[in-house]
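In what follows, a single structure is set out as structure tokens and then discussed.
The values are calculated or read from the model by the stated rules, or taken from the named source; none is laboratory data. It should be emphasised that the depicted structure is a prediction, and the values quoted were computed from it without experimental measurement. Positions of Cβ are generated from backbone atoms using ideal geometry, with glycine treated the same way; all protein chains shown enter the neighbour counts.
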């Protein structure tokens, strides 16, 4: 199992066109914790390198081809509705058989398990998948188990989108330590509070075909559409963006009058803080007056974005006519920097709350906070909960519940919820640092605000 040289071991994350963006980003973000000690490296692998489409308007870059990552130490297959289009892709199946046969650990998220099963790797093994694809998984010889994640020998499979995050934390706990898993969970503020609670599984029985048809059909673009714009900029935390993007992109299948778009200063690949490269599908100029605009966050790059005049100008223009203005994590700091939150309670990532308050917005440690047409969520994963809440606001509760079931957001963190009274010394130090730095960080954006820029 050890290598003769000192190169890092490869964790290959296998994708196919039309992959579920939240399956990819949620799982990738958690598995990144396995690289903490420098032993492993994560890489996105596909049949071809370059730009790949997802099941949202956002595209991303595939780093390596199958030939460039022939024998990874770990292999994870990401799913989505398009997985069923690839179950006869012999090039893909041959790669999974070869790479999966030699890998130390083989995993799948969502319908990625169908691809492993089609390659013959899950025959007579316990496994899980998206709830609507149970029969397909069993037809390939796997033994379906309704759980967030299922382990059988060296194989581990996860259910819908939250299953991949739960599985990733479980692997960090198992391979590193519970403390490492808690640190990743707290940093990502993965403390789920779905607005309607967990999925009511007794109501899902018998509805599989309904959901399979839903994802086989494109939304009716003939209707007048209300655009929900997500702001993409270099260095952001992709889970901030992709969590609500996946929820509201799925909403458009139930309510086609809504359309998600990802906007940026230019249509070009942008490097996120976890190493993924993401592409917007529209420029700011192409979507000047969206129905809603949502700003994701990050760390230092987000603090720099507070002084980016192009982003500031876009948000001021969009906010004038938008029905809803949202933020995820430290995206609230960008909204605050242009004066949209002054005097209004809001939330942000727990480590950055002093910066928020320095703009005159009282911090509330809640999963999301609504004030009129402004909705802010707490850190990173909280954007998923906020988006479900927003889905209920712009449609109704029942539609939002159907969206939650469609993406299978039924979070079960392996170590339970975060105990905010037991933050590690390192995390407390991080929060203290950003608190002390707040007066210096806000100097330039406050000056720009005073100048009306």
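For residues in the stretch 321-331 being out of contact with any helix residue (DSSP H, G or I) (no Cβ under 6 Å at 6 or more places or on another chain) and crowded, with 24+ Cβ neighbours inside 10 Å, which is nearest to residue 302 (Cα to Cα)?
Among them, the one singled out is 331.
Just to verify a result, which residue in the stretch 288-302, among those that are over 17 Å from residue 187 (Cα atoms) and crowded, with 20+ Cβ neighbours inside 10 Å, is farthest from the chain's Cα centre (by Cα)?
Here is the first cut: in the stretch 288-302, the ones over 17 Å from residue 187 (Cα atoms) are 288-295.
Cutting the leftovers down to crowded, with 20+ Cβ neighbours inside 10 Å gives us 290, 292-295.
Details: 290: 22, 292: 19, 293: 17, 294: 14, 295: 14 Å.
Here the residue is 290.
Being in contact with a strand residue (DSSP E or B) (Cβ under 8 Å, 6 or more places away or on another chain) and closer than 13 Å to residue 189 by Cα, is that true of even one residue in the stretch 355-363?
no
Taking helices (runs of 4 or more DSSP H) that fall entirely within the stretch 79-166, which contain at least 1 residues that are over 26 Å from the mean Cα position of the chain (by Cα) and farther than 25 Å from residue 48 by Cβ? Give the steps one after another, and end with the answer.
Values: elements: 90-102, 112-118, 134-139.
Once the helices (runs of 4 or more DSSP H) in the stretch 79-166 are filtered for at least 1 residues that are over 26 Å from the mean Cα position of the chain (by Cα) and farther than 25 Å from residue 48 by Cβ, what remains is 134-139.
Surrounded by 24 or more Cβ atoms within 10 Å (Cβ to Cβ) and more than 18 Å from residue 432 (Cα to Cα) - does that describe any residue in the stretch 346-358?
yes
Would you point out the residue of the stretch 417-435, among those that are part of a helix (DSSP H, G or I) and free of Cβ contacts under 8 Å to residues at least 60 places away in the same chain, that is surrounded by the fewest Cβ atoms within 10 Å (Cβ to Cβ)?
421
Filter the stretch 304-317 down to the residues that are more than 15 Å from residue 340 (Cα to Cα) and buried (at least 24 other Cβ atoms within 10 Å of the Cβ) and list them by number.
Selection gives 305 alone.
Find the residue count for the stretch 210-260, including only residues that are without any contact (Cβ under 8 Å) to a residue 40 or more places away in the chain, more than 30 Å from residue 273 (Cβ to Cβ) and either buried (at least 18 other Cβ atoms within 10 Å of the Cβ) or touching a helix residue (DSSP H, G or I) at 6+ places or on another chain (Cβ under 9 Å) (or both).
Residues in the stretch 210-260 being without any contact (Cβ under 8 Å) to a residue 40 or more places away in the chain, more than 30 Å from residue 273 (Cβ to Cβ) and either buried (at least 18 other Cβ atoms within 10 Å of the Cβ) or touching a helix residue (DSSP H, G or I) at 6+ places or on another chain (Cβ under 9 Å) (or both): 4 in total.
Test residue 366 against the criterion of being within 22 Å of the chain's Cα centre (by Cα), modelled with pLDDT of 95 or more and surrounded by fewer than 21 Cβ atoms within 10 Å (Cβ to Cβ), and give yes or no.
yes
Would it be correct to say that residue 51 is assigned to a strand (DSSP E or B), within 19 Å of the chain's Cα centre (by Cα) and surrounded by 24 or more Cβ atoms within 10 Å (Cβ to Cβ)?
No.
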